[in-house]
1. Run the accessible area of the chain with a 1.4 Å probe and give the carbon-and-sulfur part as a rounded percent.
2. DSSP beta bridges in the chain, what fraction antiparallel, as a percent rounded to 5?
3. Taking the Cα centre of the chain as the origin, how large is its charge dipole in debye, to the nearest 20, when only Lys and Arg (+1) and Asp and Glu (-1) carry charge on their Cβ atoms?
4. With every protein chain present, what is the per residue accessible area of the range 85-155 (1.4 Å probe, Å²)?
5. As a test of the formula, what do you get for the chain when each DSSP H run with n ≥ 4 contributes -39,500 (n - 2.57) and the sum is divided by the residue count, at 222 nm and rounded to the nearest 500 deg cm²/dmol?
6. By its C-alpha gyration tensor, with a ≥ b ≥ c as the square roots of the eigenvalues, how is the chain shaped: rounded for a/c under 1.5, else prolate for a/b larger than b/c, else oblate?
7. I'd like the Karplus ³J(HN,Hα) series for the range 559-575: coefficients 6.51, -1.76, 1.60, θ = phi - 60°, whole numbers in Hz, and an x wherever there's a Gly or Pro.
8. Would you tell me the accessible area of HIS615, worked out with a 1.4 angstrom probe on the heavy atoms of the protein chains, in Å² to the nearest 10?
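The values are calculated or read from the model by the stated rules, or taken from the named source; none is laboratory data. The structure displayed is predicted, hence computed values, not measured ones. Glycine also receives a Cβ, built like all others from the backbone with ideal geometry; neighbour counts cover every protein chain displayed. Heavy atoms of the whole protein, side chains included, go into the accessibility calculation; ligands, DNA and RNA do not. Shrake-Rupley method; radii C 1.70, N 1.55, O 1.52, S 1.80 Å.
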Amino acid sequence: MDELLDKLNLEQIKPVKDTEGAVLVLAGAGSGKTRVLTSRIAYILREGKATLSRILAITFTNKAANEMKNRLQNMLGEGESKWICTIHSMCVKILREFGDRNGIKSNFSIYTDVERNNVIKKVYKELDFTDEKLLKSAKYHVGNAKMLGLDPDQYLRKYRDERGIDDICAIYSKYNEHLKANNALDFDDLLIETLRLLRRDGEVLDYLSEKFLYVLVDEFQDTNAVQYNIIKLLASKHRNIFAVGDDDQSIYGWRGAEIDNILKFDKDFPNAKIYKLERNYRSTKSILRLANAIIRNNVSRRGKELWTEAEEGEKPGYYQAEEESGEALYAAKIIAGGVRSGRKYSDYAVLMRINAITRAYEQEFTKYGIPYKVFGGFRFYERKEIKDILAYLRLISNPFDSEAAERIINVPRRGIGGKTVAAMYAYAEEYNLSLYDAALDCESLPVPNSAKDKLRDFANLIKGFVLDAVQTDVAQLVRDVINLADLRSAYDDGTDEGDGKLANLDEFIASVDDYVRLNPGATLNDYLNQITLSSDADDMDDGDYVTLATIHAVKGLEFPVVFIGGLEDGIMPSSRSVVDGRDLEEERRLMYVAITRAKERLYLTRSKSRYLYGHRDITSPSRFIAELASELGIPEKRNTYGSFGERYGGDGYGGYRNYGALRGSAFYSDDSGYQSDEPPKSSVSFKAAWNVKKPAENKNNGKYTVGMKVRHPKFGLGMVVAVKNNGGTVNVAFDGQGIKELSASLAPLEIVK
């Protein structure tokens, strides 16, 4: 009995045992690719082909890397290799160790997109530009240049005909100068500088390519040109490269991912062996039929068909609401009904193409006491108070980081004004120093003595933290910074918003405690690396809440019940993809990813009109609904635009003006072929929704009356001002919150006697 291989199916065993040379595994959604990748590492170790320190395994989220380490730990008692990591983490490790050979100090700061944009804005002002369109264009082009791995001169040549390109490249060049002065790299620099190091320093390349006997790459379809070139260089010595990916899940073209890397892998490695994993262990048959139906419309793919031995499962449902509030209420009713039947809130996810449409869900879920978290939008570590404490930590780690110093020099308020900061920058530029150095040299600055006193206090505060960081663990250092810098006073203003910021500081302390507990002996740099390189998926925890997320944010995750909302042309697929076939194929892959997140139940929803970007518009159903019409059991009718329904005006459903789905109800069908906008007695489709939707409301007849006082956990004390729909709907005027229309069956209202 082979405990390692017996847990794999025959298709999985083949690539696990085929350890030598180039191997590409085309792994469909839910086909067990992480198990294959981990089992291959375990097999290599068990067979004595390499030690763990000589295996490089690249993933694309910290969560995936940790999962891989845990699985190895369970399999073999091994899993502590620092070379099982994300590609950005790998580059940080290489640059911290060898970057000095390329002029990079080992304690460099890592700038997120927020810091990048702040520096670009500063450069824009320094160069005396005033055109706001130029600033917006520069932010895009700097990011694009970095993504492509081009320096300012190369980018200028490539985009010579672009409007304002000379000014843009001047900003780009000055931006790079700022980063170098601050001893900082942005995300893209981590990749670019690693590639430059490997190309320019043969000694480092020889060492690393010799070190890694086996190079394994997860989510290979998401690699961009720079990442792929790094991988090829690291595998150049032994040529044992193992790439696992799914061309049908390549959804990051907008940030440089090259689907051609996976489509043309066997051209780069002519003797490569290719395997397919098509058996799905996640979803029901009915969900997989939907996934296969959508993705087979793409042309640029190698081709595979997902299958499963799981049960048939209930048919995916399609629902159209009159407005977005109805779409969100529909989801709320199903979720509430499911929780009453024994499900957890964490079983549910509402996925969407853009986070701009979460508002309606947040409003409806708040009304009915449904806990939720939003991912793919404003993340915890991007909140002002968290960015402030992180800036303190960045400056302590890297005193050259003038961006961090400027951010917190007046947090909390110290009375250090803009003129003083400008004088500091002038002094720092003249003597090639950092902003922190200028604070240390405050006696030499042309500022009033009162300002010098404040700068001296600030400089001494930071100096004390720098010294303490050498011997103090990260958790204690964070507490010291918050307490000694009196950070709480910056947010303690007596408002609800201020209380929220103070709570976030406490949550931050708790997160640092968790990190230190799981990573004993970790340094401040280790912690900053982990935070800066985290993704939305890493923020997801085991709490009991509904996940509201963009599809990009949940790639690699799964949920028992999934809603895909906003299925309208212009949103999904996006308006930018309509005229570009390549972009449209990526949007279709995004739809495929969304569908394959669902394990047991799937609901596709849309709104016939939507308020978005400041105005309300009539919408037309996503063209992807037309492609899925036969699987959903709804009439297929395309118009001349190729979308499902009319593009502007009309009934938005290709002429089916009296169809039940248009009246804001679900479309039902069962295996017998019954089709209606109301469920037959024997129908199981949308059963949960129907049970919550009408019968449950009738139970509340007479429960609420006009003038009755009620209490809501979120909105507080209120009074019933109207009762509608035979008691099924109540309007409540809440103190300071206005009038809210609530479903009587769902709203967590307490009657106040």
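1. Carbon and sulfur atoms account for 47 percent of the accessible area of the chain.
2. Numbers: 29 of 75 bridges.
That works out to approximately 40 percent antiparallel.
3. Details: 107 positive and 112 negative charges, 342 e Å.
Result for the chain is approximately 1640 debye, rounded to the nearest 20.
4. Value returned for the range 85-155: 45 Å² of accessible area per residue.
5. Working: 30 runs with 327 residues, N = 753.
When only DSSP H runs of four or more count, the value is -13000 deg cm²/dmol.
6. Taking the square roots of the gyration eigenvalues as a ≥ b ≥ c, the chain is oblate.
7. Values, residue by residue: 9, x, 10, 10, 9, 10, x, x, 7, 9, 4, x, 10, 9, x, 5, 5 Hz.
8. About 90 Å², ignoring ligands and nucleic acids.
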